[in-house]
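J.: Here it is, the structure in full.
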Amino acid sequence: TYNGRLLETMIGEEETSALKHFVAEQGGSLFMVVLAALKVLLYRYTDQKDIIIGTPIAGRDNEDLSNQIGFYLNTLALRDVINPTEDFVNFYNRLKGNMLQAYAHQEYPFYSIVPNLKLKYDQSRSPVFDISVTFHNLSEDIHRSNGETSKTDETVDYGFEYVKQDIEFHFQPLENTINFNVVYNTDRYDKALMSEFMQHYKQLLTSLFKNTKIPLQQVSYISEEETHELLHVFNEEKTIPSEETLVSLFAK
């Protein structure tokens, strides 16, 4: 279905500054680094290492198309393989190289890729990827809350939104922060999971840029507060004295 829901939050000033500093050191773009971090979190959530994410790209590089009216959007399928033992710097530079190669072939139409891959057709799924990411420029109006989400620990729910993929991630750099929207298919995911995922993404950024040299399999995306809750609240044992025996319980 196309049943979706839109959630919005903010990546804070400290994390945004760390992202920009990382790009200044390593080269590439802000889009590349938010995508790399997103793939790391997807790997940590699923333990899947071969990750393909789609991204739309304007198809007007040809000068002959500059004065034509029409929709020339193409889709790039960005595929990267996670090596759990490598650090984020190495992974980022591999991803950067893959993205530059993808941009070099951006005019190759997505509708030609699908039959060439000879994939098994499934009408209920997208043929190459289930997740897309879009990096918006400042002229696009995706920021819905007019500053209401300046607190980065909040997530604003805007209700129903049409969705093409299982999950669509949208990033837009603002002055000192990054607007972070997620549109997800409500027949596949629920709000609690996606809200938690958004907070985990921001926590992952904090962990990554404290130490970009630790192996990806060890990067934490859980805050100290959540760790405490998992260990001491959720996992708390309360033993109630009972006269039951194994035999009586088995009989019941």
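The values are calculated or read from the model by the stated rules, or taken from the named source; none is laboratory data. All figures in this text were calculated on a predicted structure; none of them were measured in a lab. FYI the Cβ positions are ideal-geometry reconstructions off the backbone, even for glycines, and counts take in every protein chain you see. Each accessible area value is taken on the protein alone, full model and side chains, heavy atoms only, with ligands, DNA and RNA left out. Shrake-Rupley method; radii C 1.70, N 1.55, O 1.52, S 1.80 Å.
J.: Residue by residue through segment 197-236, note down the ones that are surrounded by 13 or more Cβ atoms within 10 Å (Cβ to Cβ), without any contact (Cβ under 8 Å) to a residue 60 or more places away in the chain and in contact with a helix residue (DSSP H, G or I) (Cβ under 9 Å, 6 or more places away or on another chain).
T.: Gln203, Ser220, Ile222, Ser223, Glu226
J.: List, please: which pairs have Cβ atoms under 8 Å, are six or more places apart or on different chains, and start with a residue in segment 84-99 that is under 13 Å from Val34 (Cβ atoms) and end with one that is among the basic types (Lys, Arg) and open to solvent by 20 Å² or more (accessible area, probe 1.4 Å)?
T.: Correct list of pairs: Phe88/Lys213.
J.: With a cut-off of at least 1 residues that are modelled with pLDDT under 95 and either in contact with a Cys (Cβ under 8 Å, 6 or more places away or on another chain) or surrounded by fewer than 19 Cβ atoms within 10 Å (Cβ to Cβ) (or both), name the strands (runs of 3 or more DSSP E) lying wholly within segment 1-105.
T.: Where strands (runs of 3 or more DSSP E) fall fully within segment 1-105 and carry at least 1 residues being modelled with pLDDT under 95 and either in contact with a Cys (Cβ under 8 Å, 6 or more places away or on another chain) or surrounded by fewer than 19 Cβ atoms within 10 Å (Cβ to Cβ) (or both), they are 50-57, 74-81.
J.: How about segment 18-35: which of its residues are of a type in the set (Gly, Ala, Ser) and farther than 15 Å from Asn211 by Cα?
T.: Ala24, Gly27, Gly28, Ser29
J.: Related question: Based on what the data block shows, is Asn176 out of contact with any Leu (no Cβ under 7 Å at 6 or more places or on another chain) and open to solvent by 70 Å² or more (accessible area, probe 1.4 Å)?
T.: When the stated conditions are applied, Asn176 passes them.
J.: Here's another thing I want to ask about it. Give the residue that is farthest from the chain's Cα centre (by Cα), with candidates limited to residues of segment 193-252 that are of a type in the set (Ser, Thr, Tyr), under 24 Å from Met10 (Cα atoms) and part of a helix (DSSP H, G or I).
T.: That would be Thr227.
Each row is one residue, and each column tells you yes or no for (1) closer than 24 Å to Val33 by Cα; (2) open to solvent by 30 Å² or more (accessible area, probe 1.4 Å); (3) modelled with pLDDT under 60.
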site	(1), (2), (3)
Val133	yes, no, no
Leu138	yes, yes, no
His143	yes, yes, yes
Asn146	no, yes, yes
Phe169	yes, no, no
Gln172	yes, no, no
